[in-house]
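Working notes, structure below.
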Amino acid sequence: DVALYVGLIAVAVCLVLLLLVGVLVYCRKKEGLDADVADSSILTAGFQPVSIKPSKADNLLTIQPDLSSTTMTYQGSLCPRQDGPAKLQLPNGHLLSPLGAGRHTLHHSSPVAEGADFVARLSTQSYFRSLPRGTNNMAYGTFNFLGGRLMIPNTGISLLIPPDAIPRGKIYEVYLTLHKQEEVRLPLAGCQTLLSPIVSCGPPGVLLTRPAILAMGHCVEASAENWSIRLKKQSCEGTWEDVLQLGMEPCSELYYCQLEAHACYIFTEQLGRFALVGESLSMAASKRLKLVLFAPAACPSLEYNIRVYCLSDTQDVLKEVIQLEKQMGGQLIGAPRVLHFKDSYHNLRLSIHDMPSSLWKSKLLASYQEIPFYHIWSGLQPYLHCTFTLERLSPSTCELACKIWIWQVEGDGQSFTINFNIAKDTRFSDWLIPDSDVGSPALVGPSAFKIPFLIRQKIISSLDTPCARGADWRTLAQKLNLESHLGFFASKPSPTAMILNLWEARHFPNGNLSQLAAAVAEVGKQDGGLFSEAEC
């Protein structure tokens, strides 16, 4: 009997211990990350609710919700804007009716993983193996239904995730990547040319209920009679497909593009890898080239090299060249200039003149240097440059004066007048962006938007419904010079939300909320003259 009881007690103790171990393992898994969630959710309990009760309808639009606890630092880069949220005060009345009764819940994210872990997880998937392993040209963050923004500093590239683009209850880990052109093979045929950086945003295949907006620069002097411009997207199999032809966009498609003078804004409900490609329709078609001159900051020998870069006129390429020159010890010796390079099959020529022969001599044997037309026109060789090698006749010579001419045969041209001291002249150092001036690559929740969340919701609810007097989203689009996109806006469940999203993408972080308020007030005047600009 004693042996029987001892055995039963031992079995019971083992069962209790196994139960405790199981509970501890379950708790650990629940607190950690679930790396196998199909919809890219990476948190299970990372968002804590903060309830904000709306006040009376009379004061709703002037309330600034306390967002100080709604955004936390994520991997050292997710943080609110340095300047507080600007106030957008709009008048009350029939046009801007109060929001429905109820509670409005804001959420905040918590730190979840190190950047290296994030990149390591992506590198295990075949589609992402070409992503860079560093974070210099990459931004990433976790987002919920409140949306947010990713930015690659000093490149003009950003991804806006509007509120309600991510389904409620979902949390997505999103990235934005700038690719080096030598790392991604983009096939071009005939007169096609790359007009923009190659950018990835993802993960691909995630469910978005509203279009995200990808912003990036371009170098095309766009005109319908000279260009056929297409948006290309790379499939998971690696092939590039035309998903949109600008100027011929069906309103019901998944993609749409707003092309402006120096930037394009791509509406997309499917994330992936994108590039803007153009095909010239006439010899008058032209691209913008950025001409930049660099030389050594220190010259211990008698030889002195001046490097003339001929770059696509986008911020990302200039940033890369500046970083490259910093590593080489170079300095900027002239303000950058723009040259319009035409599809005329003529080469680009560079020459140096008016150099004092008693102090300097050029080692250039020919009268000029030349860059072949196709090297420039394809856009696939981003750092094209020529080097002028000069020689000082005396080590004490420090003053350099000369002219550099750059021109396309039978086309546009530019000249640089150089007059500086090679030992101590730093007058153009302000053009070089300091490494510390990078801002916040990721903003989550309300801190990513100029328009406060509650005011945005009220504008949408007031202007989405068509009005016989025209006091609706159509008039707002006209006031903001977006009337050419009315068909696209009308194809979406909330046209007003599309207008406000595009305004956010175009005007962050320096957008003027007063101008937007004035536009809304103008819309209100058409509805019985209820509002005046003074009230706004």
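The values are calculated or read from the model by the stated rules, or taken from the named source; none is laboratory data. Just so it is clear, the structure is predicted and the values come from calculations on it, not from any experiment. All Cβ positions, glycine included, derive from the backbone under ideal geometry; neighbour counts span all protein chains shown. For accessibility, only protein heavy atoms count, side chains too; no ligands or nucleic acids. Shrake-Rupley method; radii C 1.70, N 1.55, O 1.52, S 1.80 Å.
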### Query
Where in the stretch 335-352 is the amide nitrogen less than 15 Å from a point lying 7 Å along the Cα-to-Cβ axis of SER362?
349-352
### Task
Compute the length gained on full extension between ALA335 and LYS525: take 0.36 nm times their separation in residues and subtract their Cα-Cα distance, giving the result in nm to one decimal.
63.7 nm
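Give the relative contact order (percent, whole number) for the stretch 201-265; include only Cα pairs under 8 Å separated by 6+ residues.
Answer for the stretch 201-265 is 35 percent.
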### Packing-based ranking, highest mean first, of 166-172, 457-463, 6-12 given that Cβ atoms within 10 Å are counted
457-463, 166-172, 6-12
### Query
Pulled fully out, how much extra length does the chain show between THR417 and LEU393, if you take 0.36 nm times their separation in residues and subtract their Cα-Cα distance?
6.5 nm
### Query
From the square roots a ≥ b ≥ c of the eigenvalues of the alpha-carbon gyration tensor of the stretch 450-526, which class results: rounded (a/c under 1.5), prolate (a/b over b/c), or oblate?
rounded
### Message
Accessible area per residue for the stretch 138-280 in Å², computed with a 1.4 Å probe and the full protein assembly in place, what is it?
### Response
32
### Query
Going through the stretch 139-221, which GluC sites (Glu not before Pro) have at most 11 other Cβ atoms within 10 Å and a DSSP loop state?
GLU182, GLU183
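Ordered by packing density, taken as the mean number of other Cβ atoms within 10 Å over each peptide's residues, highest first, how do 488-497, 145-154 rank?
In decreasing order of mean packing, 488-497, 145-154 become 145-154, 488-497.
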### Summary
Rounded to one decimal in Å, the inverse mean reciprocal Cα-Cα distance for the stretch 286-431, i.e. its Kirkwood radius, is 15.8
### Task
Find how much the distance from ASP1 to GLU260 grows on full extension, using 0.36 nm per residue of separation minus their present alpha carbon separation; answer in nm with one decimal.
84.2 nm
### Query
Just the Cα atoms of the stretch 138-280: what Rg and Dmax do they give in Å?
14.9, 48
### Förster radius 56 Å - calculated FRET efficiency between VAL11 and LEU207 (Cβ-Cβ, nearest 0.05)
0.70
### Query
Between ASN136 and GLU237, what is the spin-label point distance in nm, taking each point 7 Å from the Cα along the Cα→C-beta axis?
3.5
### Overall form of the stretch 294-343 per C-alpha gyration tensor (a/c, 1.5; a/b vs b/c)
prolate
### Task
For a label point 7 Å from the Cα of GLN381 along Cα→C-beta, name the residues of the stretch 327-367 whose backbone N is under 13 Å from it.
347-349
### Query
Using a simple spin-label model with points 7 Å from Cα along the Cα→Cβ vector, what separation in nm is obtained for HIS353 and CYS467?
6.2
### Spin-label model distance (nm) - ASN305 vs HIS507, 7 Å beyond Cα toward Cβ
4.7
